Amino acid sequence: MSRLVHVLRAGRLPYQRALKLQQTIASQLQQQQQNASPSPPYRHVLILTEHEPVYTIGIRTRGYDETEENRLRALGADFVRTNRGGLITFHGPGQLVAYPILDLKHFQPSVRWYVCHLERTVIELCRRYGLRAGTTADTGVWIGDRKICALGIHASRYVTTHGLALNCDVDLGWFGHIVPCGLVGKSVTSLAHELGNRPDLGVDSVADGLLECFRATFECELDELDAGSRTKLLEGI
């Protein structure tokens, strides 16, 4: 079974546009599973992007009603309710967001396996920067009690959407307006906060390392889409 993953470096996208892109690709894979359509041009796609400031909330919405939504919008960020796992988090410039759209039947048909491998990918990336990261009873990747990477995924018929958000040199002040992921007493960190402002901690630089770790952890081959293919996918949304 194919483990070739096509990499789409999408640049900075509004969250809603990235969500539509994920849904379009995932729908093609699901239709192909049922032999309802020709094989999609890409069996698996890994989208790398960053977003304009946005607060997103998953299927756990406790504490974030319309009043809270309006408060957060007043800060200058968008607010989007989604079908991913987890509660509320922030996405914005300086944060590397990865959306793997994978058919897990070509890897391991297990959501638990998938989440574990996403965590292992980020842990290995942090190790390469000299940081000792790990997991806890709470989802995500942590350095001590400081979350450096949030995870929230959705899977339908083993086709995955959503993914991970790794704080590179993001403005951590945005997280101060929420209880990130609903975890009281825990804090948020970034590569830049842990290591200082360095030129190799920007989203583009960190993305290169993330791809290397993803390839090794998921035991797959990566093929970066050329400019024409990127344009075709992005224009479709």
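The values are calculated or read from the model by the stated rules, or taken from the named source; none is laboratory data. Given the structure is predicted, the values throughout are model-derived calculations rather than measurements. Note that each Cβ is placed from the backbone with ideal geometry, even for glycine, and that neighbours are counted across all protein chains shown. Quick note on the areas: whole protein, heavy atoms, side chains included, nothing else; ligands and nucleic acids left out. Shrake-Rupley method; radii C 1.70, N 1.55, O 1.52, S 1.80 Å.
Give the cross-link partners of residue 147 among the lysines, using a straight C-alpha distance below 24 Å as the criterion and excluding same-chain residues fewer than 8 apart.
The qualifying lysines are 186.
Compute the distance in nm between two label points, each set 7 Å from the Cα along the Cα-to-Cβ direction, one at residue 66 and one at residue 12.
Label-label distance for residue 66 and residue 12, simple model: 3.2 nm.
Summing -39500 (n - 2.57) over the DSSP H runs of n ≥ 4 in the chain and dividing by its residue number, what mean residue ellipticity at 222 nm do you reach, to the nearest 500 deg cm²/dmol?
Result for the chain, helices only: -10000 deg cm²/dmol.
Enumerate the lysines that residue 232 could reach by cross-link, defined here as Cα to Cα under 16 Å, with residues fewer than 8 away along the same chain left out.
Correct list for residue 232: 20.
Taking the solvent-accessible surface of protein heavy atoms with a 1.4 Å probe, what is the per residue accessible area of the chain in Å²?
45
Normalising by the residue count of the range 71-212, find the relative contact order in percent from Cα pairs under 8 Å and 6+ residues apart.
Relative CO of the range 71-212 lands at 30 percent.
I'd like the Kirkwood hydrodynamic radius of the range 115-237, using the inverse of the mean 1/r over distinct C-alpha pairs, in Å.
15.8
Using the Cα atoms as the points, what is the convex hull volume per residue of the chain in Å³?
123
Work out the length of the dipole vector of the range 53-220 about its Cα centre, built from +1 on the beta-carbon of each Lys and Arg and -1 on the beta-carbon of each Asp and Glu, and round it to the nearest 20 debye.
460
Could you work out what % of the accessible surface of the chain is carbon and sulfur, using a 1.4 angstrom probe and leaving DNA, RNA and ligands out of the count?
47
What is the angle, in °, between the Cα long axis of helix 15-33 and the longest principal axis of the Cα atoms in the chain? Nearest 10 is fine, range 0 to 90.
30
How long is the gain from residue 81 to residue 129 if the chain were fully straight, where each residue apart is worth 0.36 nm and the alpha carbon distance is subtracted?
Taking residue 81 through residue 129 to full extension adds about 13.9 nm, to one decimal.
Across the range 168-180, in residue order, what do the Karplus-derived ³J(HN,Hα) couplings come to in whole Hz, using 6.51 cos²θ - 1.76 cosθ + 1.60 with θ = phi - 60° and x for Gly and Pro?
8, 10, 5, 6, 6, x, 4, 6, x, 8, 9, 9, x
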